[in-house]
Structure formats: structure tokens, C-alpha cells
Amino acid sequence: MPRFLLRIEYAGTRYRGWQIQTNARTVQGEIARAADEVLGTTNFELYGSGRTDAGVHALEQVAHLDTAVKIAPARLVDGLNALLPADINILSAETVDRRFHARHSATSRRYVYQIAKRRTAFAKPYVWWVREPLDVARMRAAAAVFTGLRDFRAFTDDDPDEKSTKVLVEALTIDETDDLVLIRIAGSHFLWKMVRRLVGILVEAGKGAIAPREVERLLDVSRGGGRDADAVARLTAPASGLFLEGVDYDGRPATKRAPYTQATRIGMKASR
């Protein structure tokens, strides 16, 4: 039975995330419906590298598709794209060894969050406009607290009794353009809502409302940091600015993306 590796981009604004849900429109659900028609059967399996929350976008999500139907990768791409809505696009497909798994074989996930420094008429679905000035140096000082293997219990709604809340954050960088502040994070995996809550804390640091030592306290579960989850949750950044930038695998070169999304670049220039 062939296994296809799919690389997918999507605007998540109209969807309740990646993963199929009952009575909700999702990205995986749309691709599954298209695959049903292209393959002429419901006897297939579609697995993503991980879920993305409602409203979150992807520059490159990775999934694998198992099917007994023999079809050329190019034909599969063309067939799926002909049936998918305009805000979901299959970038590529290739056959892979059945030992490859979109989720379990991944070694790292990368996200980028886009903060607009001014109001925009065109790029609003892809940014979070923060009205107050942000001190990027303060944000970088706070970001340094998050790197390494840390317990993000206060940054997620996941149950620590059901799954580990420890995450290895491999890199966390903050860059600035004329109109945007770009937060990039790479890690072994991410917990539900973790990246958006982390961004919310960094924005508070940039506003001067929270000091790096207070960020350290939020992460220090031994000192009760985990009990501050409600306070952190209130600072959750909106989904609009978050993109899954890519998923990395051993032996497969990471895809290089533009510094920020084409849609945002066009939108921010157009609204000057």
C-alpha cells in the first residue's frame, strides 16, 4: 500500500483547526473529502504532523496518506487541489517508505507569530495588531527564559496528569521590520495553546508590564508557577498571527520560507 508525504499550506481563518471534528469544518476534513473523490474510496488514512488550533495558519503542514489506490504523486496533487477550497493548497506529494510517519518521525516543529506595529486594512487575518509600542530588547530578554527543556504547565490547558507538560524549546528569536515584529520558535513539540500564550507573555514584557524574572516565576512549578495558568490564559495571543512554518525530519532538508508570509507582505505594503 503506497504512502504519500503531503506538504500543505492553508489559511486557518475559516476552520476549527487541522484535526477532524464532529460538526466542525477542519482542514483535515476538507482534504479527506477531496481524497475520497480523487481516490474513489473512503479506504485511506490521513495523518498530520500535529494539530493546529482554530484559526491558526500553516505555511507548511506535513501529512501522510495511506491508500491502496495506485496514483502518481503529481496527479494526486492536481486532483486534490481541483476539489479543495482556495484557502487550502497541496504544495507537493511524494511516495515515502512506510516507516515514515508524519507525526512520530518529526524531529522538530517551527512556528512564526506575526505582530503588526500599526493598523492594517488588508493583513488583519494574518497578524495581531498591538497598539502599544513594544520594546523588542525587553521581549528578547524574556524570550531567553523560555529556551531549553522547561515545564510549560502554566501555558496550556493540557492535563499534566494525562501528558507531560515539559517541552524542549530549541530556539526562540524575535526580529523586527518596519511594520512587523516576528517571533519564531522551534521545539520538539508544542502543547495546546502554548505558543499563543508564550507570545502573549512576550508582548506584556515588550509593553513593560512584566519583567523577565516574573516570566521565570511563571515557569517555576516548584514555586507555584503552575498555579498562575489563569493569569497566563487571559494573555493568550489571537490565533490570527500564528503560522506553522515547517516540520523537520531526519534526512529531509527543511523547507526555507520567506521572512514572513507573502499575504502579510503585500497587505502591509498596500495599506501604507
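The values are calculated or read from the model by the stated rules, or taken from the named source; none is laboratory data. What you see is a predicted model; the values in this text were computed from it and never measured. Heads up, the Cβs are rebuilt from the backbone with ideal geometry, glycines too, and the neighbour counts pull from every protein chain shown.
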Selection status of residue 62, in contact with a strand residue (DSSP E or B) (Cβ under 8 Å, 6 or more places away or on another chain) and outside the structural domain of residue 203 (by TED's automatic domain parsing): yes
Segment 53-97: number of residues that are in contact with an Asp or Glu (Cβ under 8 Å, 6 or more places away or on another chain) and among the basic types (Lys, Arg): 0
Considering residues of segment 96-126 that are under 18 Å from residue 52 (Cα atoms) and hydrophobic (A, V, I, L, M, F, W, C) only, the residue surrounded by the most Cβ atoms within 10 Å (Cβ to Cβ): 112
Residues within segment 152-169 that are farther than 25 Å from residue 49 by Cβ and either at pLDDT 90 or above or surrounded by fewer than 20 Cβ atoms within 10 Å (Cβ to Cβ) (or both), tallied: 1
Top-ranked residue in segment 214-272 [being under 23 Å from residue 126 (Cα atoms) and among the hydroxyl-bearing types (Ser, Thr, Tyr); ranked as modelled with the lowest pLDDT]: 271
Segments classed as strands (runs of 3 or more DSSP E), wholly inside segment 1-76, with at least 3 members that are closer than 20 Å to residue 111 by Cα: 3-10, 57-67
Whichever residue in segment 8-39 is touching a Gly at 6+ places or on another chain (Cβ under 9 Å) and of a type in the set (D, E, K, R) and, among such residues, is surrounded by the fewest Cβ atoms within 10 Å (Cβ to Cβ): 37
Conditions (1) surrounded by 15 or more Cβ atoms within 10 Å (Cβ to Cβ); (2) more than 25 Å from residue 213 (Cβ to Cβ); (3) in contact (Cβ under 8 Å) with a residue 60 or more places away in the chain; (4) assigned by TED's automatic domain parsing to the domain that holds residue 217; number of the one not met by residue 129: (3)
Only one of 134, 182, 172, 149 that is surrounded by 17 or more Cβ atoms within 10 Å (Cβ to Cβ), over 15 Å from the mean Cα position of the chain (by Cα) and either at pLDDT 95 or above or among the hydrophobic types (A, V, I, L, M, F, W, C) (or both): 134
Yes/no for residue 42 being out of contact with any helix residue (DSSP H, G or I) (no Cβ under 6 Å at 6 or more places or on another chain), surrounded by fewer than 21 Cβ atoms within 10 Å (Cβ to Cβ) and at pLDDT below 95: no
Odd one out for residue 93 among (1) assigned to a loop (DSSP other than H, G, I, E, B); (2) buried (at least 19 other Cβ atoms within 10 Å of the Cβ); (3) at pLDDT 95 or above: (1)
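Each row is one residue, and each column tells you yes or no for (1) in contact with a helix residue (DSSP H, G or I) (Cβ under 7 Å, 6 or more places away or on another chain); (2) not assigned by TED's automatic domain parsing to the domain that holds residue 18.
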| site | (1), (2) |
| --- | --- |
| 80 | yes, no |
| 83 | yes, no |
| 86 | no, no |
| 90 | yes, no |
| 101 | no, yes |
| 120 | yes, yes |
| 152 | yes, yes |
| 156 | yes, yes |
Odd one out for residue 81, checked against (1) among the polar types (S, T, N, Q); (2) under 18 Å from the mean Cα position of the chain (by Cα); (3) outside any strand (DSSP E or B): (2)
Of all residues making up segment 127-160, the number that are under 24 Å from residue 189 (Cβ atoms) and outside any loop (DSSP other than H, G, I, E, B): 15
